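Data first, discussion second: the structure below is written as structure tokens.
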Amino acid sequence: MSRGLRHGLILTVTMAAAACRHASPPLTFVGRSSCEGCHAAEAARWRGSHHDRAMQVAGPDTVLGDFDGATFTHFGVTTTFLKKEGKFVARTDGPDGALHDYEIAYTFGVDPLQQYLIRFPDGRIQALNVCWDTRSRRWFHLYPNEPVPHDDILHWTGIYQNWNDMCAECHSTGVVKGYDRAKDTFQTTFSEIDVSCEACHGPGSRHVALKGNGGLVVTLQDPATWIMDATTGIAKRSQPRALHTEVEACGRCHARRGVVSRDYVYGRPLMDTHRVSLLTPGTYYADGQIQDEDYEYGSFSQSKMYAAGVTCTDCHDPHTSKTLPGNGACAKCHDPARFDVPAHHHHAAGSTCTSCHMPTTTYMVVHARHDHGFKVPRPDLSAKTGAPNVCARCHPDQPSRWWWRPKPPHWSETIAGGRADPMAAAPALAALIGDGTQPAIVRATALTLTRDVRVEAAALADRDPLVRDAAVLTLAEAPPATRGPLLAPLASDPIRTVRIDAGRALVGTPDAPRGASALEEWKRSQQDEADRPEAHLNLCALDEELGDLDAADRECRAAIRITPRSPAGYVNLADVHRAAGREADVDATLRAGLAVAPDSAALWHALGLALVRQRRPEEALEALHKATQLEPGDARFAEVYRIAKSELSSP
């Protein structure tokens, strides 16, 4: 394949990347207008793209929904969409449950749906969960089958619909969250409202100062080309991929991940600032197919395409984000004469590769997203792993092994086995973890299913930070004398996520002083997310472990203030009371939690344990049993109830 057939070039880091934070003068965002003069063609392709229209000021040219008095009713709450004095307004239920008129400040997204953002006086910007279907031209609710009252954590005024924390980083450029914990307010800023040039290339001040002669933090340069192999009909890179910068740059926003640090440095590895989700149940199926809303990075990192050196812009134009129509993108590396024929795909001519290799799952009610795992259909694995059979989408009446010839073993069988019975699967898990030819996300997932200290210790030296971090987190449960010497060296790991997790895991070990700096970094990472209840609960657990029960109490109460209907804050606060010997407060806290979350198995389980300590066996058994009824699949709840029933029941 010639260089001209390659759709895009991978992102590589310039010398400026390592010095991004420390350059003199500091690198700053200069805006798209500084780029367009020299890069007019790229700017023209970008204009009108999903990145360009990721977020826009609300106005006649940007609002796509029907605001001419249209109404939408969801579980008794009617939202009316109006125009008042030239402004777009939604009359809907606010945080007090009453109807109010809210001005639309921004539009969010453009296809296949558009959301609307509303600004509050404290700087919070919230996303309405009544959205506009831009294709069918109708209003719909993101949670169509469940009520979302004003005090529910999923209500549009709640934390999970908060733009400042949940959305801004990926819909705008140069975002600074600007949360003030003391005032509980936001002053979020961005250099540009949409996903513009510097969102991918980094701050451009040096590039502009040098008049385009270098200086970009991240640039498009790659000496490799794709060359068609006439024997296999599949193209290969002319040289191995040395860096993963492009995929990880895209992964910042196209991954299921959490934020470790807001101090993002362009060109640095993704895990320096973000924690990538593994193939956990409910998020991914055992074979890695998307289950919950997983975006693209986690799937793509499992794929043979990724292993072969394919990057995002090999398929997507880096400025329009579009792919070639039909099977055009696939044909660039897979000879159509060999692969785009019925002899290969067993369907009529004209079938699309994506139907079998990139099946879609619909999220946000109307958004069908392709699985980027590029998996070979394996109907034979469905019965073994419980993962969906892509063939059954069109052929639901056919058996799972329908016409399929035997296939080699697949790592999904080991993951499924580990999920079902980690002890029985231990040898297979150990082999998978040690197999460096397998995807890192798969090997890291296998680590979470094993409890073999020798295997975990060996994985600490893995070259992939995702695997190292999984090893750190699993070893964090080992006895202090075991984990201390093993994890101390990781407190100096070059990747922040690995480093701070090691520092946290060293608490309570003789080697804790060696992780002091990393622990301080871990604390800062939590404090930077002080608008999130999880951060307060993490700090609560640390304070409790260090014996500072007053500080632990404060952190738990902060979490409860943020999400008063979430059980976790009450469970953790009750545990702090228990550690302080205040059993009466334990009981009161758990019952306060059950008053707002009566169907929480965790709260019933914690109450049952408290009643055991209070020598109230009948009530204890009732509470523990309730937990098992609410979550029958939780093995721990079932085992505790079984033991309690055996020991507490009257003869």
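The values are calculated or read from the model by the stated rules, or taken from the named source; none is laboratory data. Keep in mind the model is a prediction, meaning the values are calculated, not measured. All Cβ positions, glycine included, derive from the backbone under ideal geometry; neighbour counts span all protein chains shown. For the accessible areas, the whole protein counts, side chains as well, though only heavy atoms, and no ligand, DNA or RNA atoms are used. Shrake-Rupley method; radii C 1.70, N 1.55, O 1.52, S 1.80 Å.
Please go through segment 109-136 and pick out each residue that is of a type outside the set (A, V, I, L, M), in contact with a Leu (Cβ under 8 Å, 6 or more places away or on another chain) and more than 15 Å from TYR363 (Cβ to Cβ).
Residues of segment 109-136 of a type outside the set (A, V, I, L, M): 109, 111-112, 114-116, 119-124, 126, 129, 131-136.
Checking the rest, the ones that are also in contact with a Leu (Cβ under 8 Å, 6 or more places away or on another chain) come to 114-116, 126, 129, 131-134.
Within segment 109-136, GLN114, TYR116, GLN126, TRP132, THR134 meet the criteria.
I need the full set of residues from segment 367-386 which are open to solvent by less than 50 Å² (accessible area, probe 1.4 Å), over 22 Å from PHE339 (Cα atoms) and touching a helix residue (DSSP H, G or I) at 6+ places or on another chain (Cβ under 8 Å), in order please.
Result: LEU381, SER382, THR385.
Is it the case that some residue within segment 185-203 is in a helix (DSSP H, G or I) and surrounded by fewer than 18 Cβ atoms within 10 Å (Cβ to Cβ)?
Among the residues of segment 185-203, not one is in a helix (DSSP H, G or I) and surrounded by fewer than 18 Cβ atoms within 10 Å (Cβ to Cβ), which makes the answer no.
When you scan segment 493-511, do you find a residue that is among the β-branched types (Val, Ile, Thr), touching a strand residue (DSSP E or B) at 6+ places or on another chain (Cβ under 8 Å) and closer than 26 Å to LEU475 by Cβ, even just one? Give the derivation first.
Filtering segment 493-511 down to residues among the β-branched types (Val, Ile, Thr) leaves 495, 497-498, 500, 507, 509.
From what is left, the residues that are touching a strand residue (DSSP E or B) at 6+ places or on another chain (Cβ under 8 Å) are 497.
Within this subset, residues satisfying the condition of being closer than 26 Å to LEU475 by Cβ are 497.
Looking through segment 493-511, at least one residue is among the β-branched types (Val, Ile, Thr), touching a strand residue (DSSP E or B) at 6+ places or on another chain (Cβ under 8 Å) and closer than 26 Å to LEU475 by Cβ.
Report yes if some residue within segment 256-264 is among the β-branched types (Val, Ile, Thr), touching a residue at least 40 places away in the same chain (Cβ under 8 Å) and closer than 24 Å to GLU529 by Cβ; otherwise report no.
Let us first name the residues in segment 256-264 that are among the β-branched types (Val, Ile, Thr), namely 259-260.
From what is left, the residues that are touching a residue at least 40 places away in the same chain (Cβ under 8 Å) are 259-260.
Then keep just the ones that are closer than 24 Å to GLU529 by Cβ; that gives 259-260.
Yes: one or more hits.
What do you reckon, is ARG514 assigned to a helix (DSSP H, G or I), without any contact (Cβ under 8 Å) to a residue 12 or more places away in the chain and out of contact with any strand residue (DSSP E or B) (no Cβ under 6 Å at 6 or more places or on another chain)? Steps first, please.
Numbers: assigned to a helix (DSSP H, G or I): yes; without any contact (Cβ under 8 Å) to a residue 12 or more places away in the chain: no; out of contact with any strand residue (DSSP E or B) (no Cβ under 6 Å at 6 or more places or on another chain): yes.
No; evaluated as a whole, the condition is false for this residue.
Sort out which residues of segment 12-29 are of a type in the set (A, V, I, L, M) and modelled with pLDDT under 90, and write them in order of number. Steps first, please.
Taking segment 12-29 first, the residues of a type in the set (A, V, I, L, M) are 13, 15-19, 23, 27.
Listed by number, the residues that qualify are VAL13, MET15, ALA16, ALA17, ALA18, ALA19, ALA23.
Quick one: PRO479 ticks every box in (1) in contact (Cβ under 8 Å) with a residue 24 or more places away in the chain; (2) of a type outside the set (Gly, Ala, Ser); (3) under 21 Å from PRO422 (Cβ atoms) except a single one, so which number is it?
(1)
Being open to solvent by less than 20 Å² (accessible area, probe 1.4 Å) and of a type in the set (Asp, Glu) narrows it down to one residue among ASP543, ASP550, ASP531; which is it? Walk me through how you get there before you give the answer.
Details: ASP543 fails: open to solvent by less than 20 Å² (accessible area, probe 1.4 Å); ASP550 fails: open to solvent by less than 20 Å² (accessible area, probe 1.4 Å).
Result: ASP531 is the single residue among ASP543, ASP550, ASP531 that is open to solvent by less than 20 Å² (accessible area, probe 1.4 Å) and of a type in the set (Asp, Glu).
Does segment 403-411 contain any residue that is over 22 Å from THR280 (Cα atoms) and modelled with pLDDT of 95 or more?
Step one: of segment 403-411, the residues over 22 Å from THR280 (Cα atoms) are 403-408.
Still in the running and modelled with pLDDT of 95 or more: none.
The answer is no, given that none of the residues of segment 403-411 is over 22 Å from THR280 (Cα atoms) and modelled with pLDDT of 95 or more.
State which residue pairs qualify: first residue on the phi > 0 side of the Ramachandran plot and inside segment 166-195, second residue exposed (fewer than 14 other Cβ atoms within 10 Å of the Cβ) and in a strand (DSSP E or B) in any location, beta carbons under 7 Å apart, and separation of 6 or more residues or different chains.
Every condition considered, the pairs that remain are GLY178/THR189.
Please go through segment 213-242 and give me each residue that is of a type outside the set (D, E, K, R), open to solvent by less than 40 Å² (accessible area, probe 1.4 Å) and farther than 26 Å from ASP263 by Cα, ordered by number.
First, pick out the residues of segment 213-242 that are of a type outside the set (D, E, K, R): 213-221, 223-228, 230-235, 238-240, 242.
With open to solvent by less than 40 Å² (accessible area, probe 1.4 Å) added as a condition, the list becomes 214-219, 224-226, 233, 235.
Passing the criteria: ALA224, THR225, TRP226, GLY233, ALA235.
Report yes if ALA343 is open to solvent by 50 Å² or more (accessible area, probe 1.4 Å), without any contact (Cβ under 8 Å) to a residue 60 or more places away in the chain and in contact with a helix residue (DSSP H, G or I) (Cβ under 8 Å, 6 or more places away or on another chain), otherwise no. Step through it out loud before you land on a result.
Numbers: open to solvent by 50 Å² or more (accessible area, probe 1.4 Å): yes; without any contact (Cβ under 8 Å) to a residue 60 or more places away in the chain: yes; in contact with a helix residue (DSSP H, G or I) (Cβ under 8 Å, 6 or more places away or on another chain): no.
Spelling it out, it is not the case that ALA343 is open to solvent by 50 Å² or more (accessible area, probe 1.4 Å), without any contact (Cβ under 8 Å) to a residue 60 or more places away in the chain and in contact with a helix residue (DSSP H, G or I) (Cβ under 8 Å, 6 or more places away or on another chain).
Mind checking which helices (runs of 4 or more DSSP H) fall wholly inside segment 269-321 and carry at least 2 residues that are in contact with a His (Cβ under 7 Å, 6 or more places away or on another chain)? Spell out how you get there, then give the answer.
Details: elements: 297-300, 304-308, 312-315.
Correct list: 297-300, 312-315.
Go through (1) within 29 Å of ARG53 (Cβ to Cβ); (2) surrounded by 19 or more Cβ atoms within 10 Å (Cβ to Cβ); (3) modelled with pLDDT of 95 or more for GLN289 and report which single condition fails.
Going through the list (1) within 29 Å of ARG53 (Cβ to Cβ); (2) surrounded by 19 or more Cβ atoms within 10 Å (Cβ to Cβ); (3) modelled with pLDDT of 95 or more, GLN289 breaks only (1).
Just checking, how many residues over segment 486-518 are within 19 Å of ARG443 (Cβ to Cβ) and open to solvent by 20 Å² or more (accessible area, probe 1.4 Å)?
Result for segment 486-518: 1.
Taking segment 347-373 as the region of interest, how many residues are on the phi > 0 side of the Ramachandran plot and in contact with a Cys (Cβ under 9 Å, 6 or more places away or on another chain)? Reasoning before the result, please.
First pass over segment 347-373, keeping only residues on the phi > 0 side of the Ramachandran plot: 350, 364-365.
Filter once more, keeping what is in contact with a Cys (Cβ under 9 Å, 6 or more places away or on another chain): 364-365.
Residues flagged as on the phi > 0 side of the Ramachandran plot and in contact with a Cys (Cβ under 9 Å, 6 or more places away or on another chain) within segment 347-373 amount to 2.
Go through segment 132-164 and give me each residue that's in contact (Cβ under 8 Å) with a residue 60 or more places away in the chain, polar (S, T, N, Q) and in a loop (DSSP other than H, G, I, E, B).
Of everything in segment 132-164, those that are in contact (Cβ under 8 Å) with a residue 60 or more places away in the chain, polar (S, T, N, Q) and in a loop (DSSP other than H, G, I, E, B) turn out to be THR134, SER136, THR157.
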